[in-house]
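Structure record follows, encoded as structure tokens.
The values are calculated or read from the model by the stated rules, or taken from the named source; none is laboratory data. Source: prediction; values computed, not measured. Neighbour counts are summed over all protein chains in view; Cβ atoms, including those assigned to glycine, are modelled from backbone coordinates with ideal geometry. The area values use the complete protein model at the heavy-atom level, side chains included, leaving out ligands, DNA and RNA. Shrake-Rupley method; radii C 1.70, N 1.55, O 1.52, S 1.80 Å.
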Amino acid sequence: GPTGQGTADLCGIKGNPKEFACNKEIDIPIWNKFDGHKEVQVKYVGKFVVTGFLDAGGKGSDAQVIGYLTAKESDGGGFSGNPGPIQAVALVH
């Protein structure tokens, strides 16, 4: 399905396999939400590391992008902040 194809494209894998491993880092913004306003402020930059894809059922409904969230190193050699608990996550292609 589209999740597997998008993840395969991201990882540089040809075709639309039902299972594969990968190690692709994606920079992600982590932001504050201001109640009552229609603006957000990026507070940290982290990264999501895609480590693989699995569609064991073969029907797409059980498809899983596998990976983990971690801190992104800043230019100064430290981390770009220490975010608190994550409240919501969305992986968008």
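Quick rundown of the values:
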{"quantity": "Test: residue in the range 28-41 that is touching a helix residue (DSSP H, G or I) at 6+ places or on another chain (Cβ under 8 Å) and either modelled with pLDDT under 90 or open to solvent by 60 Å² or more (accessible area, probe 1.4 Å) (or both)", "calculated": "no"}
{"quantity": "Contacts under 9 angstrom Cβ, first residue in the range 1-22 being more than 11 Å from Gly52 (Cβ to Cβ), partner assigned to a helix (DSSP H, G or I), 6 or more apart", "calculated": "Lys14/Ala8; Gly15/Gln5; Gly15/Ala8; Asn16/Gly4; Asn16/Gln5; Asn16/Ala8; Lys18/Gly4"}
{"quantity": "Every pair of residues 6+ apart whose Cβ atoms lie under 8 Å, when the first sits in the range 59-74 and is of a type outside the set (Phe, Trp, Tyr) and modelled with pLDDT under 80 while the second is exposed (fewer than 12 other Cβ atoms within 10 Å of the Cβ) and assigned to a strand (DSSP E or B)", "calculated": "Lys72/Asp27"}
